[in-house]
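Data first, discussion second: the structure below is written as structure tokens.
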Amino acid sequence: MLSLRADQETMNFLSDVNKTMKFVESVSNILDHYQLDGFDLDYECPAYNQKNDFVRMLSFLRSEFNRKRSSNKTYALSVALSPIISIVSSSYNVAKISAFVDWVNLMTYDFHSPNTFPYTEHNSPLFANKLDRLYFKYFNINFAVTYFVKLGLRKKQIMVGIPFYGYKYFLVNKNFHDLYALSNGTQITIIYRDICRNFLNRYGTKKVFDIESKVPYAYNDLEWITYDDWESITIKAQWIVDNDLGGSMTFAINYDDYQSKCPQSIRNGKRQPFPLQTILYQVLN
């Protein structure tokens, strides 16, 4: 598929019908020329005044793709959407989006990060923790999926975002290392294969699995990491199956332990390359 990452500046043509039609024509021509399977648009935050224009563009794309069916060409159409309530309410008409796309890649990660909120929390919790208060209780996969279904998205259209990365926090006091421990606000993104190779195996590292949110975290001295692992992804995948959702979206497959160098990548005595993607595929199928 052709995937386009866009922002308000690059999509400022949406208010112009002719320019929007030209954009749709360009997308269609590229798909034809390279014999691709469809188009995925990662435009996460349309401006409020683009809300209807965004839907109109999707309707034009759907009409164009339907027209191509007469030539025995079938193109998929998908979008990546944020799960954050404030963005959803200002940027999306979910019911209308649902009418035109095949699926939605729901970006159920980055719920928390050190530079936006300097207290330790999970990157991609499945459920809320009892410590979550106010709007933080909405920052989890379960709430996001339920919310989008309530707004009109069909369950089978939902691809749950699974992150193969996490965030490193730097604690202010190493003796306070539970959820909502104060950090200095410095943010470092850390991918799974670096977490499992370099952090989890370091002397003194302690791993904790949050049985309420169904995700792990680990800490060593002043370093604190939120991430997903084999166990949490197994649970998330089974939750996707149990709730009859469309599937999952990985961000990103190259963050996995593709060379199976981590001790955690050994399963049944054998090294398993891409261990996270493998277990995700196995459970979903």
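Values quoted throughout were computed directly from the atomic coordinates according to the rules given, and no laboratory measurement underlies them. As the structure is a prediction and not an experimental result, all values here were calculated from the model. Methodologically, a virtual Cβ is constructed for each residue, glycine included, from the backbone with ideal geometry; neighbour enumeration extends over all protein chains shown.
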Q) Which angle from 0 to 90°, rounded to the nearest 10, does the C-alpha axis of helix 17-34 make with the longest principal axis of the chain? A) 70 degrees
Q) How big is region 37-126 on each of its three principal axes, counting only the C-alpha atoms and giving the largest first in Å? A) 55, 28, 18
Q.
Output the 0 to 90 degree angle, nearest 10, between the alpha-carbon long axis of helix 275-284 and the longest principal axis computed from the alpha carbons of the chain.
A. 60 degrees
Q. Which lysines, on any chain, are close to K73 with Cα under 23 Å apart, when same-chain ones fewer than 8 places away are left out?
A. K22, K156
**Q.** Nonlocal amide H pairs with Y227, under 5 Å, H built at 1.01 Å
**A.** N123
Q: Quote the Stokes-Einstein diffusion coefficient, in whole µm² s⁻¹, for region 88-184, based on the Kirkwood radius over alpha carbon pairs, a temperature of 4 °C and a viscosity of 1.567 mPa s.
A: 87 µm²/s
Q.
Taking every DSSP beta bridge with both residues inside the chain, roughly what % is antiparallel (nearest 5)?
A. 50 percent
Q: Normalise the Debye intensity by I(0) for region 70-109, one equal point scatterer per Cα, no solvent, then take log10 at q = 0.14, 0.16, 0.35 Å⁻¹ and round to two decimals.
A: -0.38, -0.47, -1.22
Q) Can you work out the base-10 log of I(q)/I(0) for region 171-285 at q = 0.19, 0.20, 0.24 1/Å, using the Debye formula on its C-alpha atoms alone? A) -1.08, -1.16, -1.41
(Q) When only alpha-carbon atoms are used, what values of Rg and Dmax, in angstrom, describe the chain? (A) 20.4, 66
Q. Hey, how much of the P(r) for region 164-211 falls beyond 16 Å, as a percent of Cα pairs?
A. 48 percent
Q | Where chymotrypsin sites (Phe, Trp or Tyr not before Pro) fall in DSSP loop in region 196-257, at most 15 other Cβ within 10 Å | A | Y203
Q | Angstrom value of the Kirkwood radius, inverse mean 1/r, which spans all Cα pairs in region 92-137 | A | 12.9 Å
**Q.** Net charge dipole size for region 1-117 [Lys, Arg +1 and Asp, Glu -1 on Cβ; Debye, nearest 20]
**A.** 460 debye
Q) Taking amide hydrogens as modeled 1.01 Å from N in the peptide plane, which residues meet the under 5 Å criterion relative to G38, leaving out close sequence neighbours? A) L2, A76
Q: For region 196-209, just list the computed ³J(HN,Hα) in residue order, Karplus coefficients 6.51, -1.76 and 1.60, θ = phi - 60°, integers in Hz, with x standing in for Gly and Pro.
A: 6, 7, 10, 9, 5, 8, 6, 4, x, 6, 10, 9, 10, 9
Q) About the Cα centre of the chain, what is the dipole size in debye to 20, counting +1 per Lys and Arg Cβ and -1 per Asp and Glu Cβ, all else neutral? A) 480 debye
Q | Cysteines, the chain, no other Cys beta-carbon under 4.7 Å | A | C45
Q | For q = 0.26, 0.27 Å⁻¹, Debye-computed log10 I/I(0) when each Cα of region 2-64 counts as one equal scatterer | A | -1.24, -1.32
**Q.** Relative contact order %, the chain, counting alpha carbon pairs below 8 Å whose residues are six or more apart
**A.** 15 percent
Q: Quick one: which residues, 5 or more positions from G161 or on another chain, have an amide H under 5 Å from its amide H? H modelled 1.01 Å from N in the peptide plane, none for Pro or chain starts.
A: L106, T108, M249
Q: For region 138-231, report the translational diffusion coefficient in µm²/s to the nearest whole number, using Stokes-Einstein at 37 °C, 0.692 mPa s, and a Kirkwood Rh over Cα pairs.
A: 221 µm²/s
